[in-house]
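What follows is a set of notes on a single structure, which appears directly below.
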Amino acid sequence: MAAIAQEAPEGIAPPRRQGIVFRGSTVWRWVVLLVATVYFLLPLWAALRFAGIGAFGSVVSESGFTSSLALSVRLAVITTLITIVLMLPTTVYVHLRLPKLRRLLEGITILPVVIPPVVLIVGVLAIAPGFIKATSLLLALEYVILAMPFAYRAIDAGLRALDLKTIVEASSSLGAGWVSTLWRVVLPNLRTALLSAVVLTVALVLGEFTMASLALFETFPVWIYVNSQTSGQVSVAASLLALFVTWLFLLAITMVGTRQSRKTGGREVTLFTVARQETRGD
Amino acid sequence: MPKLLRGLRRAAGVVPFGVYVTLGLFAPMAAVAIGAFEDNNGNFTFSNVKAATHGIYLHGFWQSIVLSVLTSVIPGILGLMIAYALYTAKRGRVLRQVAITAAGVFANFGGVPLAFLFIATIGSSGLVSQWLTTLGFDPYAHGFTLYSLTGVVIVYLYFQIPLMVLVILPALEGLRPAWREAAENLGARTWDYWRHVGGPVLLPSFLGCVLLLFGSALSAYATTEALTNGTIPLTAIQIGSFLNGNVIAGQENIGKALGLGMVVIIAVAMLIYVVLQRRAAKWLR
């Protein structure tokens with residue numbers, strides 16, 4: 001506080017709330033949000049004009065559309081399942097039995113964020129056995145690695161908001177085994193955390209291009225790329241459509257999640273924060 | 001001995017995860033690192049690394065670093081401002097949910113679709129270029145082009161800003177409104193509040209988020225590939241071209257050396273982050 005006192009020149013009353021009205025007024029906030037909105041919506045509008053309304057009708061009938069979309073959706077489902085089955089028990093187990101390993105787990109799961117996918121796929125293609133390389137399972141298996149940072153963080157935040165030890169002890173004193181405890185006690189308490197893990201995983205899989213294209217699988221993003229060379233307008237229409245549908249999907253999931261969480265005393269669900277009010281900021 | 005056995009049994013719960021990460025992450029990365037020092041017959045050699053640090057590949061590293069620094073610091077600051085505006089919006093629950101889910105979508109947006117969006121907007125005959133030309137300022141007559149480094153920066157902001165908004169929001173929630181009120185009651189102005197309260201609380205997470213953005217920019221592949229068709233040499237694209245088979249046969253391992261180089265760059269960036277955070281901790285005392 002001494003620094004503040006020095007700044008005020010003697011004899012002159014320190015001007016409170018100087019020049020720019022950065023607070024108390026909502027002007028700057030609206031300016032920031034308006035500029036951001038224009039920057040993000042203008043290209044969409046320009047692309048919409050470029051594609052023309054007619055292109056949207058012909059997206060569905062374009063060759064390769066159905067098969068590539070089906071592949072992407074299938075990959076999203078498989079990836080999400082493996083991610084949950086692998087990460088949920090591991091994270092719960094580490095929280096309960098091996099809390100010392102938490103930092104290590106955190107460190108390992110952040111790696112896929114910093115390792116470029118293009119480097120990872122080089123290594124994967126170099127060592128993966130032929131029978132896995134031949135199927136799209138290869139992609140699903142690697143997408144689990146890419147989704148790990150988000151999935152782990154979401155589940156971890158959810159677990160921190162719980163009194164995990166007590167509820168697990170209560171459950172086992174009532175005679176429940178590990179699986180039963182996980183399935184009937186921990187899982188329902190982690191609904192919102194899992195929801196955000198799923199949302200982030202699905203968004204990631206549906207948008208991933210680098211690995212899919214370099215491993216030569218025609219997922220939806222790869223199809224858009226290949227198709228753009230022959231019919232640009234249809235490709236733009238398809239990608240606008242994909243963007244809009246994904247967004248609606250995410251919005252629906254967060255709104256449902258928030259309603260659920262309100263019912264059980266939680267708070268607003270966003271994509272990254274799932275902790276309850278009383279646990280944050282400590 | 002029983003103690004060791006018990007320890008092993010306790011560790012059993014993390015074995016599936018450990019095996020998965022080893023096979024899916026560590027083994028491929030080891031393959032890259034080893035391959036970088038092997039010739040095509042599997043003999044030890046430095047020639048890949050030597051090739052990767054000279055000529056067009058060195059230039060590629062340089063361009064990648066410049067681009068990544070620009071597209072992590074600029075969207076870092078802009079994203080923080082937007083996130084703060086969203087966070088402080090009163091009664092803005094719907095606005096916030098719409099904006100955050102939109103950020104989730106845009107952060108994963110990229111590749112050809114994104115390139116098309118900007119070609120339609122500020123390409124040589126794009127919408128905004130036309131508007132500006134009508135107003136008497138043709139950006140393409142003044143040296144601007146979308147297919148340059150500046151152009152790529154503008155395009156990258158489209159997914160980097162939303163990413164920043166997503167990752168910095170949880171940190172902003174740590175700023176209690178009560179702290180601001182307390183600071184103001186003690187006579188603090190906006191600058192004082194940010195210098196002594198808000199800044200110190202936010203700085204570590206801000207640096208962490210910028211580091212994440214740096215990694216994201218460095219590994220961005222699809223967008224630049226679609227936009228520039230290789231006119232700007234970036235390391236990620238050069239690695240991709242080794243896999244696409246666009247290079248002379250027998251040099252595949254240079255791609256692995258380039259991959260190793262990228263990992264080294266990231267490692268150095270993380271080191272700088274750690275040092276900066278230590279410095280920051282000292283400065284903020």
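The values are calculated or read from the model by the stated rules, or taken from the named source; none is laboratory data. Please read all numbers here as calculations on a predicted model, not as lab measurements. When we count neighbours, we look across all protein chains shown, and the Cβ atoms used for this are built from the backbone with ideal geometry, even at glycine.
Structural remarks
- Candidates A:Ala215, A:Ala176: the one that is within 13 Å of chain B (Cβ to nearest Cβ) and either of a type in the set (D, E, K, R) or in contact with a helix residue (DSSP H, G or I) (Cβ under 8 Å, 6 or more places away or on another chain) (or both) is A:Ala215.
- The single residue among B:Leu175, B:Leu186 that is of a type outside the set (Lys, Arg), more than 28 Å from A:Pro116 (Cβ to Cβ) and at pLDDT below 80 turns out to be B:Leu175.
- Unique residue being more than 9 Å from chain B (Cβ to nearest Cβ) and crowded, with 18+ Cβ neighbours inside 10 Å when the list is A:Thr83, A:Thr66, A:Thr90, A:Thr109: A:Thr83
- Restricting attention to the range B:80-107, the residues that are polar (S, T, N, Q) and buried (at least 23 other Cβ atoms within 10 Å of the Cβ) total 1.
- Taken residue by residue, the range A:60-67 has no member that is more than 21 Å from A:Ala203 (Cβ to Cβ), at pLDDT below 90, not assigned by TED's automatic domain parsing to the domain that holds A:Leu141 and not hydrophobic (A, V, I, L, M, F, W, C).
- Wholly enclosed helices (runs of 4 or more DSSP H) of the range B:88-186 bearing at least 3 residues farther than 24 Å from B:Ser205 by Cα and more than 11 Å from chain A (Cβ to nearest Cβ): B:127-134, B:149-172
- Across the range A:113-129, the number of residues qualifying as surrounded by 23 or more Cβ atoms within 10 Å (Cβ to Cβ) and in a helix (DSSP H, G or I) comes to 8.
- B:Trp191 being modelled with pLDDT under 85, more than 11 Å from chain A (Cβ to nearest Cβ) and loosely packed, with under 15 Cβ neighbours inside 10 Å: no
- Residue in the range B:21-40 that is facing chain A (nearest Cβ under 9 Å), surrounded by 14 or more Cβ atoms within 10 Å (Cβ to Cβ) and more than 32 Å from the chain's Cα centre (by Cα) present: no
- In the set B:Ile248, B:Ile265, only one residue is of a type in the set (Val, Ile, Thr) and at pLDDT 75 or above; that residue is B:Ile265.
- A:Leu146 satisfies every condition listed in (1) farther than 17 Å from B:Thr22 by Cα; (2) of a type in the set (A, V, I, L, M); (3) outside any loop (DSSP other than H, G, I, E, B) except (1).
- First in the range A:205-217 and outside any helix (DSSP H, G or I), second anywhere and buried (at least 21 other Cβ atoms within 10 Å of the Cβ), Cβ under 6 Å, 6 or more apart: A:Phe209/A:Pro221; A:Phe209/B:Gly111; A:Phe209/B:Ala222; A:Phe217/A:Leu139
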